[in-house]
Amino acid sequence: MSVLKMKYYKLLIISFAVFIFCCGNIYGIEITELKCNFKNNPLGINQSPQFIWILHSGERNQVQSAYHILLSDDPLLLNKNIGNIWDTKKVISEQSINVFYEGNTLESAKEYFWKVKVWDKDGKESSWSGQSQFVTGLFDREDWRGAQWIGYEEIPDSLILVPGGHPWGNDVKNLALCRAIVPLFRKEFNTKKEIKSAYLFISGLGHYKAYINGQQIGDDFLSPGWTDYNKTCLYNTYDITWHLMQGENAIGVIVGNGFHNNNNERYRKLLITYGMPKIIALINITYEDGTSENIVSGTDWKTSPSQITYSSIYGGEDYDARYCQRSGR
């Protein structure tokens, strides 16, 4: 056989192998996206998460016949196909939406990593999906690690107005008259080791904006959501790993009234006073050496009036630039 023919047949074999490899991805099932509680890599998850994976196939009428989930608190273990927190083994099921967690008890404020593989209607096994992760929230009051509600001022019980009411008629002219200071809170702290991860858990009543080293955290507006504050106070979770530096850091938080304190001034539709603006915050830092540290709100935080001299969910705000301060660093 000539050298030219040998090269031709070699090229033909290689081309056929590439074709077979590419066609192999057309049939069967592949996993294209993972979600936890309907979100990608969510933060602040409860103790009973639910999992979703999105499937794709180039073959008509293809369905999942079984799945296998691995969940670990270490991504390196998951790379080795070890689910030290939850290993479902092979589960015969077509379900790929709202698969509820049934593994070991999850810890609060912790990262978890998971992946899944499936079998198609013909019993053909897919490859493992890529890794996804979630971070658990704070489940109990003790999980706040001693964080306290702090404020600039307090209001006498005699001035609390709950439930609120509409400001119609003369019977309300002496109610909810206390204008609140819109406070700025600040805490400086030092991180002496290399940071692996850091998360901020925070609530500010009525609404807050948080800053780390001068940069606003998140793009939420009017956080947290409105509730009956005597029964429920919502909080938010943020990944602040890339906002922190090794060395000196600072967090700043400014808190407005929202529906926590809507006073009897300017335009208003509701008069209600739960109390003055306040916050509670926990920064949970994990270092590369495996140790951790908590920065919590308390009496060691500094506070002062902010540049916002009036705040109302209906009546807007007054802003005096003479009182501007650095919210972060």
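The values are calculated or read from the model by the stated rules, or taken from the named source; none is laboratory data. Since the structure is predicted, the reported quantities are computational estimates derived from the model, not experimental observations. Note that we place each Cβ from the backbone using ideal geometry, even for glycine, and neighbour counts take in every protein chain shown.
Among the residues of the range 278-289, is any surrounded by fewer than 15 Cβ atoms within 10 Å (Cβ to Cβ) and either within 22 Å of residue 141 (Cβ to Cβ) or without any contact (Cβ under 8 Å) to a residue 40 or more places away in the chain (or both)?
Taking the range 278-289 and keeping what is surrounded by fewer than 15 Cβ atoms within 10 Å (Cβ to Cβ), we get 288-289.
Within this subset, residues satisfying the condition of being either within 22 Å of residue 141 (Cβ to Cβ) or without any contact (Cβ under 8 Å) to a residue 40 or more places away in the chain (or both) are none.
No; the residues of the range 278-289 include none that is surrounded by fewer than 15 Cβ atoms within 10 Å (Cβ to Cβ) and either within 22 Å of residue 141 (Cβ to Cβ) or without any contact (Cβ under 8 Å) to a residue 40 or more places away in the chain (or both).
Pairs only if they're at least six apart or on different chains, beta carbon under 8 angstrom, first in the range 55-66 and at positive phi, second not aromatic (Phe, Trp, Tyr); list them, first residue then second.
61/121
If a residue has to be outside any strand (DSSP E or B) and closer than 20 Å to residue 250 by Cβ to count, how many in the range 186-222 make the cut? It would help to see each step written out before you state the result.
First pass over the range 186-222, keeping only residues outside any strand (DSSP E or B): 192-194, 206, 213-214, 217-222.
Subsequent filtering for residues that are closer than 20 Å to residue 250 by Cβ retains 192-194, 213-214, 217-218.
Counting residues in the range 186-222 that are outside any strand (DSSP E or B) and closer than 20 Å to residue 250 by Cβ gives 7.
Go through (1) part of a strand (DSSP E or B); (2) buried (at least 19 other Cβ atoms within 10 Å of the Cβ) for residue 248 and report which single condition fails.
(2)
Somewhere in the range 213-226, is a residue surrounded by 16 or more Cβ atoms within 10 Å (Cβ to Cβ), hydroxyl-bearing (Ser, Thr, Tyr) and in contact (Cβ under 8 Å) with a residue 40 or more places away in the chain?
Looking through the range 213-226, none of the residues is surrounded by 16 or more Cβ atoms within 10 Å (Cβ to Cβ), hydroxyl-bearing (Ser, Thr, Tyr) and in contact (Cβ under 8 Å) with a residue 40 or more places away in the chain.
Determine which member of the set 304, 292, 312 is farther than 18 Å from residue 256 by Cα and either surrounded by 12 or more Cβ atoms within 10 Å (Cβ to Cβ) or among the β-branched types (Val, Ile, Thr) (or both). Walk me through it before giving the result.
Values: 304 fails: farther than 18 Å from residue 256 by Cα; 312 fails: farther than 18 Å from residue 256 by Cα.
The match here is 292.
Rundown of residues vs (1) outside the structural domain of residue 309 (by TED's automatic domain parsing); (2) in contact with a Gly (Cβ under 7 Å, 6 or more places away or on another chain); (3) part of a strand (DSSP E or B); (4) small (Gly, Ala, Ser), yes/no style:
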| residue | (1), (2), (3), (4) |
| --- | --- |
| 232 | no, no, no, no |
| 259 | no, yes, no, no |
| 279 | no, yes, yes, no |
| 285 | no, no, yes, no |
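Run down 106, 78, 70 and say which single residue is closer than 30 Å to residue 235 by Cα, crowded, with 19+ Cβ neighbours inside 10 Å, over 21 Å from the mean Cα position of the chain (by Cα) and not assigned by TED's automatic domain parsing to the domain that holds residue 241. Show your work before the answer.
On the way: 106 fails: over 21 Å from the mean Cα position of the chain (by Cα); 78 fails: closer than 30 Å to residue 235 by Cα.
After ruling out the rest, the residue left standing is 70.
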